């Protein structure tokens, strides 16, 4: 009986020693990692232009003002269609009719008429045609037309974001390799990757400038940025 108890005790102790030796190795392997953040930024020339226009008319009655504004708006739509701007790319963003007042110290506020305004957001999907499209709109709208802003943008966002992701991962790998080398180690398998921020597009916003001959739209470049966090095991 004593021999049997001694044998069982030795087996338990031996098993315990094996487990003790294995656990630190597994724990050490798990803890030996390097985690870095990488950023990828690429510059892309916008391929489309969004511009904001409005027709605004002052008349003696609200009906007359709305009618005149609608006539100018129809002329603007016709000019856009003539320049091959699709109906889906022309959106009415606001429509208003309201009394307009003039204030003087001696008479106070006096109504001077009614102003009707219709605003549009228009997308030009061929950026190099933006100048001539805007010129056509200005000619059609006449003195009632206002251009309220222009914003070049990128339509092929998926391709641009993919390039930025590739640059972000390459940046993260370069940083991790540098740290591993400083520690006298090398990179092993990837433990995880997290996209810390969705692709962000920094679009330049500018106004059109009309030269002696035609309006020129300077597209500039748009910045596309992706940030990732990646963890590698060390070996």
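Each reported figure results from applying straightforward, stated rules to the coordinates on display, with no laboratory input. Since the structure is predicted, the reported quantities are computational estimates derived from the model, not experimental observations. No Cβ is skipped: glycine too gets one built from the backbone with ideal geometry, and neighbour counts run over all protein chains shown.
Points worth noting:
- The slack in the chain from residue 96 to residue 47, taken as 0.36 nm per residue of separation less the alpha-carbon distance, amounts to 14.4 nm.
- Packing order of peptides 51-60, 32-41, highest average first: 51-60, 32-41 (average count of other Cβ atoms within 10 Å over each peptide's residues).
- Straightening the chain between residue 158 and residue 110 buys 11.8 nm, computed as 0.36 nm per residue apart minus the Cα-Cα spacing.
- Net length available on complete extension from residue 129 to residue 88 is 13.0 nm, with 0.36 nm assigned per residue and the Cα-Cα distance removed.
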